[in-house]
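Trainee: For reference, the structure I am asking about is given below.
The values are calculated or read from the model by the stated rules, or taken from the named source; none is laboratory data. Quantities reported herein were computed from a predicted structural model and do not represent experimental measurements. Please note: Cβ atoms are built from the backbone with ideal geometry, for glycine as well, and neighbour counts cover all protein chains shown. Side chains included, ligands, DNA and RNA excluded: accessible areas come from the protein's heavy atoms. Shrake-Rupley method; radii C 1.70, N 1.55, O 1.52, S 1.80 Å.
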Amino acid sequence: QVQLSESGGGLVQPGGSLRLSCALSGRTVTASPVAWFRQAAGKEREFVARLSRSGNSTYYADFVKGRFTISRDNAKNTAYLQMTSLKPEDTAVYFCAARSRPGITTVPAQYEWWGQGTQVTVSS
């Protein structure tokens, strides 16, 4: 069984930081490419960041470049999203996702495994 579980969300002031974690279980997903998406209230789900199975290749949405960092610790079967310089417009439910094939993609439908999401709220 493939399972993903996010944690680390919460309330933070503008300019603050949060580190999201995604626990990966299942032999297939623990060595698969992973990504982070987010969905704000009333909006479409959008791509945030993507990471290769080795952790050596990253790809970011333009609106988070220089602020967010995606990484993974394969020994702990965990992926991370370190978020800094947070803005109110970053407020959303953040999801981790994985896929069974390599390659760069920002399309939600091409990720077959999803976590339940964790709420991030940026407000003063």
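Trainee: If you take the residues of the range 79-98 that are assigned to a strand (DSSP E or B) and not hydrophobic (A, V, I, L, M, F, W, C), which of them is farthest from G55 (Cα to Cα)?
Mentor: It comes out as Y94.
Trainee: Continuing with the same structure: If a residue must be part of a loop (DSSP other than H, G, I, E, B), at pLDDT 95 or above and open to solvent by less than 20 Å² (accessible area, probe 1.4 Å), how many such residues does the range 42-64 contain?
Mentor: 1
Trainee: Just to verify a result, which residue in the range 65-78, among those that are open to solvent by less than 70 Å² (accessible area, probe 1.4 Å) and outside any loop (DSSP other than H, G, I, E, B), is farthest from V122 (Cα to Cα)?
Mentor: My answer is D73.
Trainee: Out of curiosity, is I104 in a strand (DSSP E or B) and touching a strand residue (DSSP E or B) at 6+ places or on another chain (Cβ under 6 Å)?
Mentor: Taking the combined requirement at face value, the residue does not satisfy it.
Trainee: Give me a count of the residues in the range 21-41 that are among the aliphatic types (A, V, I, L, M) and part of a strand (DSSP E or B).
Mentor: Looking only at that region, the number is 4.
Trainee: Step by step: first the residues of the range 22-41, then only those that are farther than 19 Å from T121 by Cα and of a type in the set (S, T, N, Q), then the one that is most open to solvent (accessible area, probe 1.4 Å). Which residue is that?
Mentor: Among those that are farther than 19 Å from T121 by Cα and of a type in the set (S, T, N, Q), it is T28.
Trainee: For the range 4-20, which residues satisfy the criterion of being open to solvent by 30 Å² or more (accessible area, probe 1.4 Å), in contact with a Phe, Trp or Tyr (Cβ under 8 Å, 6 or more places away or on another chain) and either among the hydroxyl-bearing types (S, T, Y) or not in a loop (DSSP other than H, G, I, E, B) (or both)?
Mentor: R19, the sole residue that qualifies.
Trainee: Next question. Would you say T28 is of a type in the set (V, I, T) and under 17 Å from Y111 (Cβ atoms)?
Mentor: Answer is yes for this residue.
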